[in-house]
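Colleague: My structure is below; once you've seen it, I'll send some questions.
The values are calculated or read from the model by the stated rules, or taken from the named source; none is laboratory data. Computed from a predicted model, the values in this text were never measured in an experiment. When we count neighbours, we look across all protein chains shown, and the Cβ atoms used for this are built from the backbone with ideal geometry, even at glycine.
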Amino acid sequence: MNVAKWPMGALGEVMRRTTESVVLEPEATYREVTVRLWGNGVVLRSHTRGSTIAPATRTVVRKEQFIVSRIDARNGALGIVPAALDGAVVTNDFPSFELDGARLLPGYLGWLARSAWFVDLCRAASEGTTNRVRLKEAAFLAVTIPLPPLAEQRRIVAWLDAIAERVAEAKRLQGEVEGLRSDLTKAVELQVWPESSLGNAARLEDLTNYLARGRQSAQGLSECRLVKTQHVQMRRYIPSDIRLSPEAAERIAPEGELQDGDILVACSAAGCLGRVARYVADGIPATTDTRVAIARPKATVVDPEYLYLYLLGAQGQRQLRSRERGDWEREKVGFRLTELNLADLRDVPVPVPSIAAQRQIASALRHWASRMRAADRLAALSVASLEGLVGGAQHACMGGGVGTTAR
């Protein structure tokens, strides 16, 4: 493959702007198209009635045409129209182009358009102020690209398609591994804490020095930070920048102020309820709002790490989530109105073997989690390596960096 000997050609020499349009019928339904950023494809945006679309005249796109977003071409929003979207409609912000099939294959241009250097050329062909940058069509059509013989284009496309299939398969397998890892971890946790272990379990209230949901939510400019549901992700506390009002901060009891190592439990909203994280103090006073509970382990009867891992684990999560209450039919701001009230939280059962046994269990589960994270990192590294191979192959096959643009 001698890239340097391939002829160069301006895009305007191998594609022409399409002009097919349609006057929309008010009662008809139309497919509208959008183009994802960074070469992620031309996709269906919606099925829309003609009466709701303005203006009433739209451009029609056809399969194997090249389509560009005037606004986001500089961010890789361009690609080939798939057969499934043949006859769909777009606004004037998405010019489309018919390719000269004797010189340029859709698959070749599709791969070319995903390359970083091609996007750089589109960025150079765009102009305007910060928030109104638009692709300058004349400059775009003046962009020059390598045009190998059609047989060579077909070979390049077949090679890149094969690599892309490997990447997709690797991602699919990675997803399967993650699912198996999750299932295996749950099985291990349920061996440690089977249903039978709950027979003589203690109540969560009996294992904590402090167990309460927050009582203040009014925001303002005090020095006290407010921890809300969004700051409690599974296994991860996200530091809050939200502050309580001075009046609300004054009403916080000393025990209601968060301490390093406190266990946070999200108590509201479907999809959030039951999330558990450990608070990490940073020297700034903080408390929780009414939808987040603080569980402060009583170290004389329960190992803090053990209690945290139990609430994170399969059995602890089952006990937390099975106690939710609320109206599953109504919705408010996209969240189902479900709650884990304090009385139910106090009654969550926790098996409590000896402190020595608790520490052994916590150590074994930490070791297991470390091994699982190592496996996840290895899988992610393999996928990243394959994705890097695609980029390298694009660069090598398509003369990366040799294209030019005119202004």
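Residue-wise test of (1) under 30 Å from the mean Cα position of the chain (by Cα); (2) buried (at least 17 other Cβ atoms within 10 Å of the Cβ); (3) modelled with pLDDT under 95; (4) assigned to a helix (DSSP H, G or I).
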| site | (1), (2), (3), (4) |
| --- | --- |
| LEU190 | yes, no, yes, yes |
| ASN200 | no, no, yes, no |
| LEU211 | no, yes, no, no |
| ARG215 | no, no, yes, no |
| GLN259 | no, no, no, no |
| LEU264 | yes, yes, no, no |
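Colleague: If you don't mind, there's one more thing I want to ask. Output the residue which, of all residues in the range 44-62 that are assigned to a strand (DSSP E or B) and without any contact (Cβ under 8 Å) to a residue 24 or more places away in the chain, is nearest to TRP111 (Cα to Cα).
Modeller: Of all residues in the range 44-62, those assigned to a strand (DSSP E or B) come to 44-49, 57-60.
Subsequent filtering for residues that are without any contact (Cβ under 8 Å) to a residue 24 or more places away in the chain retains 45-49.
Numbers: ARG45: 22, SER46: 26, HIS47: 28, THR48: 30, ARG49: 33 Å.
Looking at residues that are assigned to a strand (DSSP E or B) and without any contact (Cβ under 8 Å) to a residue 24 or more places away in the chain, I get ARG45.
Colleague: Then there's this: Checking PHE97 against (1) in a helix (DSSP H, G or I); (2) touching a residue at least 60 places away in the same chain (Cβ under 8 Å): exactly one of these is not met. Which one?
Modeller: (1)
Colleague: Shifting gears a bit: Answer yes or no as to whether LEU121 is assigned to a helix (DSSP H, G or I) and in contact (Cβ under 8 Å) with a residue 24 or more places away in the chain. Break it down stepwise before answering.
Modeller: Details: assigned to a helix (DSSP H, G or I): yes; in contact (Cβ under 8 Å) with a residue 24 or more places away in the chain: yes.
The answer is yes for LEU121.
Colleague: Looking only at the range 130-155, which residues are surrounded by 17 or more Cβ atoms within 10 Å (Cβ to Cβ), more than 33 Å from the chain's Cα centre (by Cα), of a type outside the set (A, V, I, L, M, F, W, C) and not in a helix (DSSP H, G or I)?
Modeller: Listed by number, the residues that qualify are THR144, PRO146, PRO148.
Colleague: Sticking with this one: Return yes or no: is GLY79 under 23 Å from ALA139 (Cα atoms), outside any helix (DSSP H, G or I), of a type outside the set (S, T, N, Q) and in contact with a helix residue (DSSP H, G or I) (Cβ under 7 Å, 6 or more places away or on another chain)?
Modeller: On the way: under 23 Å from ALA139 (Cα atoms): yes; outside any helix (DSSP H, G or I): yes; of a type outside the set (S, T, N, Q): yes; in contact with a helix residue (DSSP H, G or I) (Cβ under 7 Å, 6 or more places away or on another chain): yes.
Yes; evaluated as a whole, the condition is true for this residue.
Colleague: Can you confirm whether the range 50-71 contains a residue that is small (Gly, Ala, Ser), crowded, with 22+ Cβ neighbours inside 10 Å and modelled with pLDDT under 95? Steps first, answer last, please.
Modeller: Step one: filter the range 50-71 for residues small (Gly, Ala, Ser), giving 50-51, 54, 56, 69.
Going one step further and asking which of them are crowded, with 22+ Cβ neighbours inside 10 Å, we end up with 69.
Cutting the leftovers down to modelled with pLDDT under 95 gives us 69.
Yes, the conditions are met somewhere in the range 50-71.
This table checks each residue for (1) of a type in the set (Phe, Trp, Tyr); (2) over 26 Å from the mean Cα position of the chain (by Cα); (3) assigned by TED's automatic domain parsing to the domain that holds SER21; (4) closer than 16 Å to TYR30 by Cα.
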residue	(1), (2), (3), (4)
VAL60	no, yes, yes, yes
GLN65	no, yes, yes, no
ILE71	no, no, yes, no
GLY76	no, no, yes, no
GLY79	no, no, yes, no
VAL89	no, yes, yes, yes
LEU104	no, yes, yes, no
GLY110	no, no, yes, no
ARG114	no, no, yes, no
